[in-house]
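A short write-up of the structure that comes next.
Read-outs throughout are calculated quantities, based only on the coordinates presented, and are distinct from any laboratory measurement. Keep in mind that this is a model prediction, so the values were computed, not measured. Positions of Cβ are backbone-derived with ideal geometry, glycine not excepted, and every protein chain shown enters the neighbour counts.
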Amino acid sequence: MAVGDLSDLKARGLRSGAPGPVRRILRAGFGVTLPWVLPAGLLGLWVLSLDRGWVRPYQLPTPPTIMSTFLELLGRGELARHVGATLNRLLAGYALGAAPGVLFGLLAGTSVNFRRFLDPTVQGLRAVPSLAWVPLFLLWFGIGEQARVYLIALGAFLPVYLNTMAAVGSVDRKLIELAGAYGFGPLKILFRVILPGSMPGVFTGLRSGLSLAWMFVVAAELIAASNGLGFMLVEGQSTMRPDRVLVSLLTFAVLGRGSDTLLAALERRLLVWRDTLAATQEERR
Amino acid sequence: MGAVSRRQFLKFTVALAAVEAGSACAPAGAPAPAPGSVPKRLDVLRLDYAYYNPVSLVIRRKGWLEEEFGRDGIRVEWVLSLGSNKANEFTASGTVHFGSTAGSAALLARANGVPLKTVWLYSQPEWTALVTGKDSPVRQVADLRGRKVAATRGTDPWFFLLRALDSAGLSQRDVEIVQLQHPDGEHALLQGQVDAWAGLDPHMAHAELVGGARLFFRRPEWNTYGTLNVLESFLDQYPDVVERVLAVYERGRTWARQNPEELVAILAEESKVTPEIARRVLTERTAFPDPVPGDQLKAVLREIIPLIQKEQLVPAGVDLKAAAEALVESGPARRVVSKSAFR
Amino acid sequence: MTGAAVRLSRVSVSLSGHPVLRNVNFEAGPGEFVAVVGPSGVGKSTLLRVIARLIQPEAGDVTVSPANGGRQARTAFVFQEPRLLPWLRVIDNVAIVAPADPDRLARARRVLTAVGLAGWERAWPRQLSGGMAQRAALARALVTEPHVLLLDEPFSAVDALTRIRLQEHVLGLWADRGFTAVLVTHDVDEAVYLADRIYILNGWPATVAAEVKVALPRPRLREDPDLARLRRDVLAALGPLPLTVEGSPGEPKI
């Protein structure tokens, strides 16, 4: 078969070469709209259920009501105040939990004795359902910021530690042998082979730790708080303002998603060398 | 630490966290049916009971509602309300048909769009005051500036706090209001985690007698009554059920006035306080006057309208006077009271 | 850069309690190209790792002495897979094994050019083909200017055409730099084409079954009938079929 005979290929139903401009636009359009289909559907369902009386406005406010409450809170600076309080707690707790998580994960991954020392206790802690910690922490640390930040730190610590430890364990033995063959000392092996090699797993842990930190921030703010998005949720609930509840929920969703996106972008930059399916899919984007 | 033990604290806060996380605005229980349809037969009657509604404790204990509705095959279920905010949530979501709140909380809910109807006044209490610890430097409301005060938003003690702050020229922005349900607020005060607490009986009396706490700001004339509320739709569909429930409440009210010592015993047992504490609450700070909600309720509600507007507790443009008018429904109670007068 | 003399005398090695090598005597002179052949799993790679001091023998001596004096001889290892660190660019992969002096990157660049990878310095390992990655591994081995280059079946993972190109590369670099080369391979053709001498390992535990001299001048032609004859000799020395080793798995092959 002559290599240059494209009409023959077309006849066999095979596409020839790169897609034409129309195809490209359609494909791009499809890719852009696809993530919005589901939210649009939910929005439609929302409006419909209010319209048909399946739910009452005092149970689930209309989208315009939410919008106006949102703008009102924004204009008064109240939303910014609550967002600031929540983000403060989140970042403090996350840093406090993730840093030891990486450190102990590395230690537990590389040293059998350290793992035997720390891991059983951590696995035990892991079994406790997250919400159960809230009253306990409030009892031990009072109702101040301390309790909340420690709670969030605990939430962030566990997945970071577990994922880091696993990542260290899964570093390719061949690479470690290579390092040994070229005379790398133990510190050089740790910093130039084990640490970079565990980075993908560490990032998985960091992202998972972030989402848990968000969950713990809500839990911590549901009780005995005086500011924050979680507090806004409870406040709205107590004063029969479901619109404030929803503004709080939506803000949570946006911030949570946004922070994960930032972390994912950082991950992509630092892990540009990865040779995985996910990495190639992102390349094609 | 007394009756409000650590275990209770833990139990309440875990339950609180779970309920809060799950029930933010989801409609539970029976949703209101579309207007114009034939009402379904009622299978279950759900009411709340609360330590701040002593008559509810009596009729629940005596089983009078089960007696009344048992012959029709209607089951009766009881749900504990830990505050007006919870009672309002339960009523709005259909978890209960009858909710016990303070008048101020009922008005707030109505103004925020919940179609409540106050059909009964179950008490005229001085059930709230501002409380501080035994050795606290706080002497008057102005001392609260910049301090931590425990209060439950959406309840009468919270309204009381806002009014008190207003009277001293402060607003809620001048203090840090820590959101805690009533029993937890008491606990926090006694643990020294907050400087003051907008208290509610019987927890308040408990704090006084067991924890040595001081009621440093009292205003009996600011009370907004204990109101029993239903959803408008429930009243429209089951007006006879409402009247029968109110008739039982009237029976309870009469019994309470005639059996003060037994009432003390019931309150003490239910809310797990000593009889001494229960007695202080019931004899010194609670009365059971004319239960028909009418002008007396509207008058006290009108007093708090400026406060609600000042603290922006409702969306701008809401007509609070109209809400107060729409809230109060004296018909059923009047009929019940006149009937019982003839018995 | 000149090579080193490698000598193993009466070396025995056990792995996980199983004897792998017994009483092995092995010699490679400075600048010599020596191949080690034998059935799959016999212990050829183990022998190489002993020379590289990655495995300690339980008996016998191992000496690697540089030809031009000096105490410590440098060995460099090329594995069957390229084993490039995926998070470093090609040039950094080469440079990381070199001593840390300001010249290091320039030397890395030079040796990459020598293996034909000029222009690929900033590439990521995942962007390289199998043959290119193995060449980068070769460059990495050479940047340390080793006295002895140890190659563990370095071309078995690439296709036939690439294999030939890589063999020529190695030959050229060896001729240029004069290091001692020890090549482990299961490909007898490769051994007779590249090596000056061939050790044949066989048995369980393995011993040196035979030693074959390849006294042919270079450059050699692959179609040379002398090579074919030598090939037959080597195969004969390997003994009758089956050409695999029975026995328990022992230490997993790294």
Quick shape check on the range C:34-176: root eigenvalues a ≥ b ≥ c of the Cα gyration tensor, a/c under 1.5 is rounded, otherwise prolate if a/b tops b/c, else oblate, and it reads oblate
Expressed in Å to one decimal, the Kirkwood Rh of chain C from all distinct alpha-carbon pairs is 18.8
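Give, in whole angstrom and from largest to smallest, the semi-axes √(5λ) of the equivalent ellipsoid of the range A:106-246, with λ running over the eigenvalues of the Cα gyration tensor.
Working: eigenvalues 333, 50, 22 Å².
Each semi-axis is √(5λ); the values are 41, 16, 11 Å.
By count of other Cβ within 10 Å, fewest leading, how are C:H147, C:H186 ordered? If you can, show how the numbers build up before the last one.
Numbers: C:H147 27, C:H186 17.
The most exposed by this proxy come first: C:H186, C:H147.
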Note: A:172-183 gets an average of partner chain Cβ contacts (10 Å, Cβ to Cβ) equal to 6
Chain A, Gaussian network, Cα under 10 Å: of A:I223, A:I189, A:I25, the residue fluctuating most is A:I25
Output field shielding_mean for A:190-196 (other chain Cβ, 10 Å radius) holds 2
Exposed-loop cut sites defined as GluC sites (Glu not before Pro) in DSSP loop states with at most 14 other Cβ within 10 angstrom; longest site-free run of chain C spans C:59-222
Here, trypsin sites (Lys or Arg not before Pro) of the range A:175-228 satisfying both criteria (DSSP loop; at most 11 other Cβ within 10 Å) are none
Cα extents of chain B along the principal axes, largest first, in whole Å, come to 59, 48, 39
If one builds a Gaussian network model of chain B from Cα atoms under 10 Å apart, the most fluctuating residue listed among B:S171, B:S104, B:S81 is B:S171
Here the tail fraction of P(r) beyond 25 Å, over all Cα-Cα pairs of chain A, rounds in percent to 64
From DSSP H assignment alone, runs of 4+ in chain B each adding -39500 (n - 2.57), the sum over residues rounded to the nearest 500 puts [θ] at 222 nm at -14000 deg cm²/dmol
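State the antiparallel share, in %, of DSSP beta bridges confined to the protein assembly as shown, rounding to the nearest 5.
Details: 39 of 72 bridges.
Antiparallel: roughly 55 percent of the beta bridges in the protein assembly as shown.
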Over the Cα atoms of the protein assembly as shown the radius of gyration and the largest Cα-Cα distance (Dmax), both in Å, equal 41.2, 133
In a Gaussian network model of chain C with springs linking alpha carbons closer than 10 Å, the residue among C:N202, C:N68, C:N25 that fluctuates most is C:N68
Here the relative contact order (percent) of the range C:1-83, from C-alpha pairs under 8 Å and at least 6 apart, is 37
Mean per-residue count of partner chain Cβ within 10 Å for A:230-237 equals 5
